[in-house]
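The values are calculated or read from the model by the stated rules, or taken from the named source; none is laboratory data. No experiment lies behind these values; they were computed from the predicted model shown. All Cβ positions, glycine included, derive from the backbone under ideal geometry; neighbour counts span all protein chains shown. Please note that ligands, DNA and RNA were not included when accessible areas were found on the heavy atoms of the full protein model with its side chains. Shrake-Rupley method; radii C 1.70, N 1.55, O 1.52, S 1.80 Å.
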Amino acid sequence: MSMEEMIDKYFRPGRLPHIWCPGCGNGIVTGCIVKAIAKLNLEKNDVAVISGIGCSSRASGYLDFNTVHSAHGRAIPIATGVKLAEPKLNVIVVTGDGDATAIGGNHLIHAARRNIDMTVVLYNNNIYGMTGGQYSPLTPEHAKATTAPYGTVERSFDIAELAKAAGATFVARGTTFHAPLLADLITKGIEHKGFSLIEAITGCPISFGRQNKIGGPAEMIQWQRDHALPLAAFDKLSAEQKSGKFPIGILYQNNDCKEYTEAYDELIVAAQGGK
């Protein structure tokens, strides 16, 4: 299926063009989600896309599935309710680094702990792009933002490690430069029976790139190319060589944990049986 055919099939008529700034990587990540759905040949009515607030979260309004554009940081609890109400749905959460890890951080760790079957695609552009360029929990230490004009002094989360520690059973990372890999990782995340988190490294040339004098869209995507390494190659590096680099691909997978809605259904059966 060509991209034109995917747009006709999976996007809402009349909602394009989108609001994202020139050079923003959010369109690439959204395209990768659509490619994953097309590859799996999922029926549109069998997919629910839930988003919070922020640049990335506008994606749900463009996509022609069962969608919710919810409150800031609340995409995951709403997705949890959707999944519990209709476990057969393929639930995809579209969220950003601020939406998911700041106001929504509590919901993220507990959904991971429960291992509820949803796929969280976290668009990580290292900043609050929509609301004014403030720093987020994923803004790199010493990077500048409107709320950190002299650079941040806080350490940033490694969201992949955080999700793994919280109990996520599928954790992966891709970039907009490695778009085919990112689409494949989202595909595998949807297929996985449990809580999946895919961190999508994307560029924000306007809010992050300008403030940190990184350059334009081309320079930001080249940075991804030059600093990302497949996990196997990354693991072979010394601690000194790993400095400034990050691994991509499937970072963790565990297929042995009980999925939450299955466990909940078993509880209902037991309760109805008087056990």
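Quick notes on this structure:
- Search result, residues across the stretch 159-175 that are over 15 Å from G249 (Cβ atoms) and not in a helix (DSSP H, G or I): G167, A168, T169
- Residue count for the stretch 238-252, restricted to those that are at pLDDT 95 or above, over 20 Å from T119 (Cα atoms) and of a type in the set (A, V, I, L, M, F, W, C): 1
- Number of positions in the stretch 181-207 that are small (G, A, S), assigned to a helix (DSSP H, G or I) and either at pLDDT 95 or above or farther than 19 Å from M130 by Cα (or both): 2
- Number of positions in the stretch 80-101 that are closer than 18 Å to N45 by Cβ, in a helix (DSSP H, G or I) and among the polar types (S, T, N, Q): 0
- Residues of the stretch 218-229 include none that is touching a Leu at 6+ places or on another chain (Cβ under 7 Å), crowded, with 21+ Cβ neighbours inside 10 Å and at pLDDT 95 or above.
- Top-ranked residue of the stretch 40-79 - restricted to ones that are out of contact with any Ser or Thr (no Cβ under 8 Å at 6 or more places or on another chain) and in a helix (DSSP H, G or I), ranked as surrounded by the fewest Cβ atoms within 10 Å (Cβ to Cβ): N45
- Residue, nearest to D265 (Cα to Cα), within the stretch 60-97, restricted to residues that are touching a residue at least 60 places away in the same chain (Cβ under 8 Å), touching a strand residue (DSSP E or B) at 6+ places or on another chain (Cβ under 6 Å) and among the aliphatic types (A, V, I, L, M): I92
- Inter-residue pairs, beta-carbon under 7 Å, first open to solvent by less than 60 Å² (accessible area, probe 1.4 Å) and assigned to a loop (DSSP other than H, G, I, E, B) and in the stretch 250-275, second at pLDDT 95 or above and among the hydroxyl-bearing types (S, T, Y), 6+ apart: N254/T169
- Candidate set: the stretch 89-129, residues that are among the small types (G, A, S) and open to solvent by 20 Å² or more (accessible area, probe 1.4 Å); chosen: the one farthest from G189 (Cα to Cα): G129
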